[in-house]
Amino acid sequence: MTIELPKLPYEHNALEPIISQKTIEFHYGKHHQAYVNNLNNLIKGTDLEKKDLVEIIKTSEGGVFNNAAQVWNHTFYFYQFIPGGKGQPSEDFLNAIEKQWGSLEDFKKEFNTASATLFGSGWAWLVKNKEGKLEITKESNAGTPLTKGLRPILTFDVWEHAYYIDYQNRRPDYLNALWSIINWDEINKRFAE
Ligand code: MN
């Protein structure tokens, strides 16, 4: 099937000033779109054309994997935001966070540290492991928990293209700011799945 760029659930200027319209135009409009286009070109005329995106990610490597995983990771990233932020962690989710990190604030600190210390380009992830326990993981480049039997719940993109227009080299400022546009209703749904 042809992989499509999903439409964002908010206007391109709606996350300002946390994520500017210009960043959305480049990060979503150019980078995310390019991964979609590259993937469609790579799978054209191959058996992969019949597979869905997650199947492609789980069964490919090299350029196909990189572009497929980047399509999925970016959709997952963009869909966790909402203008002004919304809701809070559900009771079950908060209990799991407190069990692992003591408090929501301590979890955010740990997640920011993981994101800030990821060397080069990649993604920080909150995941649920096979035992149902929460973990923070770091992935370089297009890395995704989908290939490791982990259930992704939340992710921060720390490729420079995600923040350089708005924050230049101040990656920690970008990370701190993202918490104010999190749609916890969406995150709770991912945790409960
Ligand atoms: Mn990105």
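We did not get these values from a lab; they are worked out from the coordinates using the rules stated. Keep in mind that what you see is a predicted model, and the values were worked out from it rather than measured. FYI the Cβ positions are ideal-geometry reconstructions off the backbone, even for glycines, and counts take in every protein chain you see.
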(request) Calculate the length of the line joining the C-alpha centroid of the stretch 26-93 to that of the stretch 104-138, in whole Å. (result) 19
(message) What is the sum of charges, Lys and Arg at +1 and Asp and Glu at -1, for the other residues whose Cβ falls under 12 Å from the Cβ of residue 102?
(response) -1
(message) Using the Kirkwood formula on the Cα atoms of the chain, what hydrodynamic radius do you get, in angstrom to one decimal?
(response) 17.2
(message) I'd like the Karplus ³J(HN,Hα) series for the stretch 180-186: coefficients 6.51, -1.76, 1.60, θ = phi - 60°, whole numbers in Hz, and an x wherever there's a Gly or Pro.
(response) 7, 10, 6, 8, 5, 4, 5
(request) Report, to the nearest 10°, how far helix 91-101 tilts away from the longest principal axis of the Cα atoms in the chain, using its own Cα long axis and a range of 0 to 90°. (result) 80
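Counting each DSSP H run of 4 or more residues in the chain as -39500 (n - 2.57), what helix-only mean residue ellipticity at 222 nm follows after dividing by all residues, to the nearest 500 deg cm²/dmol?
Working: 9 runs with 86 residues, N = 193.
My calculation for the chain gives -13000 deg cm²/dmol from helical runs alone.
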(request) Could you go through the stretch 79-84 in sequence order and give the Karplus-derived ³J(HN,Hα) for each residue, using 6.51 cos²θ - 1.76 cosθ + 1.60 with θ = phi - 60°, rounded to whole Hz, and x for Gly and Pro? (result) 7, 8, 9, 8, x, x
(message) Going through the cross-link list 7/108; 86/148; 99/130; 99/133; 109/130; 50/128, which pairs have a Cα-Cα distance over 20 Å in this structure?
(response) 7/108; 86/148; 109/130; 50/128
(message) Give the average over all directions of the projected area of the C-alpha convex hull of the stretch 101-172, one decimal, in nm².
(response) 5.0
(message) Could you compute how fast the stretch 9-110 diffuses translationally, taking Rh as the Kirkwood radius over C-alpha pairs and applying Stokes-Einstein at 25 °C with viscosity 0.890 mPa s? Give it in µm² per second.
(response) 152
(message) Can you compute 3J(HN,Hα) from phi for each residue in the stretch 5-22, using the Karplus curve 6.51 cos²θ - 1.76 cosθ + 1.60 with θ = phi - 60°, rounded to whole Hz and x for Gly and Pro?
(response) 6, x, 6, 6, x, 7, 5, 5, 9, 6, 9, 5, x, 5, 10, 6, 4, 5
(request) Looking at the chain, send over the antiparallel percent of its DSSP beta bridges, to the nearest 5. (result) 95
(request) Could you tell me how many degrees, from 0 to 90 and to the nearest 10, lie between the Cα long axis of helix 62-78 and the main elongation axis, the longest principal axis, of the Cα atoms of the chain? (result) 40
(request) Determine the gain in length on full extension of the stretch residue 168-residue 105; use 0.36 nm per residue of separation and subtract their C-alpha separation, reporting nm with one decimal. (result) 20.1 nm
